[in-house]
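Note sheet for the following structure.
The values are calculated or read from the model by the stated rules, or taken from the named source; none is laboratory data. Please read these numbers as outputs of a predicted model, since none were measured by experiment. Here the Cβ positions follow ideal geometry from the backbone for every residue, glycine too, while neighbour counts run over all protein chains shown.
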Amino acid sequence: MRYALNPQEARAVEASPRITETGAYTGVFTKALAVTAKSGAAGIEFEFKDSATDASADFLTVYTHKADGSAIRRGNGFISALMTCLKLREITDETGTVELWDDTQKKKVPQQASIYPALMNRPIGVLLQAEEYFTGSGEPRQRMTLAGFYEASTRLMATEILDKKATPQQLDKFIASMPAVRKAKSPAPQTGYQQAQQTGAPDTSMDDIPF
């Protein structure tokens, strides 16, 4: 087989390192895209970039509603935790421009899509978990998944913010409890909303939110 040098592709490989290790990262979501799975489940797909290394992780999806429109409690709690860490009481999707994969051009290109601008390009701390999964043919693979959030400037997690804590204590404990790689329980592929990561649902009462 013969290969021809492509300088642009060579630069792209080194310019876009991937996050592959479980841990806490501080950066921004460069994408918060409204998505619907083949099952009909709806949610938000994130793309994250670490501010220290520019390494990224994508296809980080949280499903919040089933096909019938009913809420997925853990998924909604997960988004509420993120909103708490960003000090947001409400978010709404709107049409905007993001880079999405184009099958014809075989690369990401700017496209119009339904996005959540309030979640994008703002400092945020994320906990990313390396997770094993199986493809449809039963082959083991590994991906990064969202496991939690914390306020970038204070390292406080959602519950601590809602409880008006001044000193972060939960984050280090949370990190210590995360396995290097979460092993898959079976070779059966997960459904869309099952892939959404679980976190403690914050207090959703609107009467005592400190922001």
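Key figures for this structure:
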{"read-out": "Filter pass, T84 being within 23 Å of E131 (Cβ to Cβ) and among the hydroxyl-bearing types (S, T, Y)", "value": "no"}
{"read-out": "Search result, residues across the stretch 79-101 that are among the charged types (D, E, K, R) and either out of contact with any Lys or Arg (no Cβ under 7 Å at 6 or more places or on another chain) or within 21 Å of A147 (Cβ to Cβ) (or both)", "value": "K87, R89, E90, D93, E94"}
{"read-out": "Residues within the stretch 40-55 that are of a type outside the set (D, E, K, R), exposed (fewer than 13 other Cβ atoms within 10 Å of the Cβ) and over 22 Å from M157 (Cβ atoms), tallied", "value": "1"}
{"read-out": "Every pair of residues 6+ apart whose Cβ atoms lie under 8 Å, when the first sits in the stretch 170-187 and is surrounded by 11 or more Cβ atoms within 10 Å (Cβ to Cβ) while the second is part of a helix (DSSP H, G or I) and at pLDDT 95 or above", "value": "Q170/T159; Q170/E160"}
{"read-out": "Where T167 falls short, out of the listed (1) under 16 Å from the mean Cα position of the chain (by Cα); (2) of a type in the set (S, T, Y); (3) modelled with pLDDT of 95 or more", "value": "(1)"}
{"read-out": "Residue ID - farthest from R18 (Cα to Cα), chosen from residues in the stretch 46-63 that are in contact (Cβ under 8 Å) with a residue 40 or more places away in the chain and among the β-branched types (V, I, T)", "value": "V62"}
{"read-out": "Complete set of residues in the stretch 56-96 that are surrounded by 12 or more Cβ atoms within 10 Å (Cβ to Cβ) and small (G, A, S)", "value": "S56, A57, A67, G75, G77, S80, A81, G96"}
{"read-out": "Cross-chain or 6+ apart pairs with Cβ under 9 Å, the stretch 84-101 first and free of Cβ contacts under 8 Å to residues at least 12 places away in the same chain, then among the aliphatic types (A, V, I, L, M) and surrounded by 13 or more Cβ atoms within 10 Å (Cβ to Cβ)", "value": "E90/M83; E90/A118"}
{"read-out": "Considering residues of the stretch 19-34 that are out of contact with any helix residue (DSSP H, G or I) (no Cβ under 9 Å at 6 or more places or on another chain) and either modelled with pLDDT under 95 or of a type in the set (V, I, T) (or both) only, the residue surrounded by the most Cβ atoms within 10 Å (Cβ to Cβ)", "value": "I19"}
